[in-house]
1. Using the Kirkwood radius built from alpha carbon pairs, what does the Stokes-Einstein equation give as D for the chain at 10 °C and 1.306 mPa s, in µm² per second?
2. Percent of Cα-Cα pairs more than 20 Å apart in the stretch 54-188, please.
3. So which DSSP H runs in the chain come out at 24 Å plus along the axis (Cα) with average Kyte-Doolittle of at least 0.0?
4. Please list, in order along the stretch 114-121, the HN-Hα scalar couplings obtained from phi with the Karplus expression 6.51 cos²θ - 1.76 cosθ + 1.60 (θ = phi - 60°), rounded to whole Hz, x for Gly and Pro.
5. How do the peptides 246-255, 183-192 rank, highest first, by the average count of neighbouring beta carbon atoms within 10 Å per residue?
6. Could you work out the local net charge near Lys114, counting Lys and Arg as +1, Asp and Glu as -1, over the other residues with Cβ closer than 13 Å to its Cβ?
7. Would you mind putting 230-243, 160-173, 19-32, 70-83 in packing order, based on average other-beta-carbon counts within 10 Å, highest first?
Amino acid sequence: MGKVIAIANQKGGVGKTTTAINLGAAFVNEQKKVLLIDLDEQANATIGLGLSRELVEATSFDLLSKDMEIDDTIYYTIDPLFHIIPASIKLSGLETLLMEHTNKQLILAAKIAKVKDEYDYILLDCPPSVGIIVDNALFASDSVIIPVECEFFAYDALTQMVNKINQIQKDKKKLKGSLLIEGILLTKLDNRNVFGYKIMDKIQELFPNRTFKTIINRSSHLQEAPMYGKSVLKFAYHSRGSKEYRELATEIIQNK
Ligand SMILES: Nc1ncnc2c1ncn2[C@@H]1O[C@H](COP(=O)(O)OP(=O)(O)O)[C@@H](O)[C@H]1O
Ligand SMILES: [Mg+2]
């Protein structure tokens, strides 16, 4: 059975989408079959994997708001083992749309259940918010990766995220489910900036068993790859960013 992993942090710009795309590609590199579900209205993962908004008809919005079957929302990328459910700008209206819906936080979990056996990993790229979309993602997930940028405000957001996860863990327990923290991923570390290392030490000290050994450094290849609709593995296989995401994939596969 496939493992569902949410990539979440309510703070924007911390590397959630970069991680979703490149960790996905790194799993594929290990011959794993991957489905990435883009849940952010900005559709950065969708575009970063080479799909265009205009050509996409069914999206994660349709999955969450309608009776649409998950199979009808899955698209192929240039990699045969890497599939994606694209996002739509319409996701911004989902909260209001589902206001009266009962068990609205469980919609995604029910839909994903139908394809869980078909994939090794299902990655959920979350929006930078706390709301119905992130609740759906966390209820549907076996574990969460929290990317954290090595900068001052990171710590506050991380604490809030961990509190949120604790709350969902309690709710899921009642439903006989669970939610693990797969790991905190330190991202965008700048080796010219001593301050980043201080934040890194502090986070490792606070969450010693939960921080991934792999750290993602700042890299221009990681920034540039999505412009070509490619993962960093396809864009520059031997670059540092590619190597780090491949190490992260290995770390997660071995964690199992
Ligand atoms: N390791 C990195 N090195 C350099 N730039 C990065 C790195 N990770 C992400 N970025 C850049 O930072 C910005 C925000 O990253 P993104 O993955 O979109 O964050 P989020 O999805 O959390 O908002 C993007 O421009 C992305 O290219
Ligand atoms: Mg994003």
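All of the numbers you see were taken from the coordinates with simple rules; none came from a lab. None of these values were measured; they are calculated from a predicted model. Here Cβ is always computed from backbone atoms with ideal geometry, including for glycine, and neighbour counts include all displayed protein chains.
1. Roughly 87 µm²/s, to the nearest whole number.
2. 51
3. In the chain, no H run is both long and hydrophobic enough.
4. 5, 10, 4, 6, 7, 10, 7, 9
5. In descending order of packing, they fall as 183-192, 246-255.
6. Result for the local shell: -4.
7. Ranked from most to least packed, the peptides come out as 19-32, 230-243, 70-83, 160-173.
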